[in-house]
Structures are given as structure tokens and as C-alpha cells.
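The values are calculated or read from the model by the stated rules, or taken from the named source; none is laboratory data. Keep in mind it's a predicted model, so treat the numbers as computed, not measured. Every residue, glycine among them, receives a Cβ derived from its backbone with ideal geometry; neighbour counts consider all protein chains shown. What goes into the accessible areas is simple: the full protein's heavy atoms, side chains included, and nothing from ligands, DNA or RNA. Shrake-Rupley method; radii C 1.70, N 1.55, O 1.52, S 1.80 Å.
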Amino acid sequence: GILLASIAAERAGDPHLRALSKLMGASQRGEARILSHWWASWFVEPMEVCSVQERASMPGLLDTAEIARLQSTEASSFDALFRDLMTRHHKGAVAASRWERPTASDHGACHPS
């Protein structure tokens, strides 16, 4: 999400979408910092980075080809593609939270960095 928002903050044609993207990026970077501080205060071991297999199974996580497509798409179709990709990304996050919630624990989580 942070990467998508960063790209849109630079490339979006609609000034409102560009401003919203800047806010999304700032908000998510702040949340990531908070979570990182919490993790460090709770656990001795560093936060795990997800494996390729774990990342592939995450709903809504875009692959490098989709990111490249967004970065290289024509200006006239950028905003629509960004909205489609960000919507799918966020729907995936909601689906993942619903799936994870009943079985969530403090250990075994990975951080998709």
C-alpha cells in the first residue's frame, strides 16, 4: 500500500487523488513505525520477513509485474488503474484480517517488507 500510494502521489492526474495518496502513504508509514516499536518492546527476536510462499498466499498483495505496470502506464489511464489496484489491495487486507482473526497469536507473524 505504501508503494502504491507513493507512486500515485507522484503520478496521479487528479489533484484530489494525488493528495489522498500522500495522506495514505504518510498514515501507513506512521502505522508501520508504531507497529515496529511495539514489536521491539514485546519481543526479543526481530520481526520476520515473509517467505516468497507466504507473500504469494496473501490476498491483495500485488506482484512486481503489477507494480511495474502501474509505474509505466500512460498518464491518461493511471488514475483508474491505481484505483483498481489499491481497491484490490485493501479488499485483500480485509479478507486476510477476517481469515487471521480467529487464529491470531503473538508469535509466528511475518511482516511483508
Check your understanding: How many nm is it between the label spots at TRP42 and ALA93, if each spot is 7 Å from the Cα in line with the beta carbon?
Key -> 1.8
Review point. Are there chymotrypsin sites (Phe, Trp or Tyr not before Pro) in region 1-46 that DSSP marks as loop and that have at most 10 other Cβ atoms within 10 Å, and which are they?
Key: none
Point to revise | Amide H within-cut-off set for GLU48, under 5 Å, with H built and near neighbours excluded | key: HIS111
Practice item. Along Cα→Cβ, 7 Å out, is where each label goes; now give me the distance between the ones at SER77 and CYS50 in nm to one decimal. Key: 2.7
Exercise for review: Roll a 1.4 Å probe over the protein chains and send me the accessible area per residue for the chain in Å².
Suggested key: 70
Practice item. Grab the Cα-Cα distance for ALA65 and LEU23, subtract it from 0.36 nm times how many residues apart they are, and report the gain in nm with one decimal. Key: 12.6 nm
Revision key, fill the gap. Here D for the chain, in µm²/s, from Stokes-Einstein with a Kirkwood Rh over Cα pairs at 37 °C and 0.692 mPa s, works out to 212
Point to revise | Carbon + sulfur, % of accessible area of region 1-66 - ligands and nucleic acids excluded, 1.4 Å | key: 63
Check your understanding: Taking N as the number of residues in region 1-52, what is its alpha-carbon radius of gyration divided by 2.2 N^0.38 Å?
Key -> 1.48
